[in-house]
Amino acid sequence: MHGLILRTFQVFVEDTYGPGIWADIAEKAGLEVPDFEAMLNYAPETYSALIGAAETVLDKPAEAIWEDVGTYLVSHPNSEGLRRLLRFGGVDFIEFLHSLDDLPDRSRLVVADLVLPDLELTDNGNTQFKLRVGDGLPGFGYVMMGVLRAMADDYGALVLLDTEGGHRGEQYLMVTVIETAYAEGREFELAAGSGGGSEG
């Protein structure tokens with residue numbers, strides 16, 4: 001298990017619930033060291049133990065926690081870099097959806113040994129899409145559900161999301177785009193760090 005994934009989960013818990021809650025989860029998961037290094041690799045059992053401990057401490061099912069992680073990855077100020085990477089996928093939400101097939105490869109450009117499950121989008125017409133999330137990382141489909149929900153808000157789109165299981169750990173996300181310009185999206189500039197500008 002890549003340390004970046006575990007470190008991301010740690011930071012999500014600390015930013016969302018506080019360091020004390022993370023300490024409780026780390027203790028319940030039996031971690032010898034409660035901090036993860038992003039560039040190291042860890043035993044797969046560590047991931048399972050963490051999610052199990054988080055379910056108990058947070059009193060939430062794993063699916064809800066994973067979806068919250070996905071929302072955090074887009075909406076929290078500490079994740080602005082990832083939000084920018086995702087927004088480069090298109091000028092509106094539908095273009096963004098079509099860019100998701102390339103997301104695992106784009107991630108490897110940033111972190112060469114980070115292997116994410118395959119993503120495959122099918123356009124069913126009438127603004128209805130099916131996103132296949134490959135196996136290999138339990139819960140990643142629900143993380144993507146949170147990402148899609150937050151990115152729809154980011155683009156100002158109104159969408160309906162649903163999920164269903166597939167074969168061999170695959171998961172399918174059903175996306176219905178009702179309105180691409182339902183609300184004003186978050187401000188986004190192509191060039192990062194162009195200080196001095198004011199939000200309008």
Radius of gyration, Dmax [the chain; alpha carbons; angstrom]: 17.3, 52
Tail beyond 13 Å, pair distance distribution of the stretch 1-52 (Cα, percent): 52 percent
Heavy-atom accessible area order for V57, V13, largest first, 1.4 Å probe: V57, V13
In Å², nearest 10: area of R108 left accessible to a 1.4 Å probe: 80 Å²
Shape call, the stretch 114-157: gyration tensor on alpha carbons, a/c limit 1.5: oblate
When the convex hull of its Cα atoms is projected in every direction, mean area for the stretch 1-88 (nm²): 5.6 nm²
Under 15 Å, Cβ to Cβ, from D24 - net charge with Lys/Arg +1 and Asp/Glu -1: -3
J(HN,Hα) series, the stretch 156-163, from Karplus relation 6.51 cos²θ - 1.76 cosθ + 1.60, nearest Hz, glycine and proline x: x, 9, 9, 9, 10, 10, 8, 9
Shape category assigned to the stretch 54-162 from the gyration tensor of Cα positions, a/c cut at 1.5: rounded
Helical segments meeting 15 Å axial Cα length and Kyte-Doolittle -0.5 threshold in the chain (DSSP H): 3-17, 44-58, 62-75, 140-155
Accessible surface of F36 - all protein chains present, 1.4 Å probe, nearest 10 Å²: 10 Å²
The stretch 57-100 versus the stretch 124-169: alpha-carbon centroid distance in Å: 11 Å
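The values are calculated or read from the model by the stated rules, or taken from the named source; none is laboratory data. Quick caveat: nothing in here was measured; it's all calculated off a predicted structure. Every residue, glycine as well, gets a Cβ built from its backbone with ideal geometry; the counts of neighbours run over all protein chains shown. All accessible areas refer to the heavy atoms of the entire protein, side chains included, with ligands and DNA or RNA removed. Shrake-Rupley method; radii C 1.70, N 1.55, O 1.52, S 1.80 Å.
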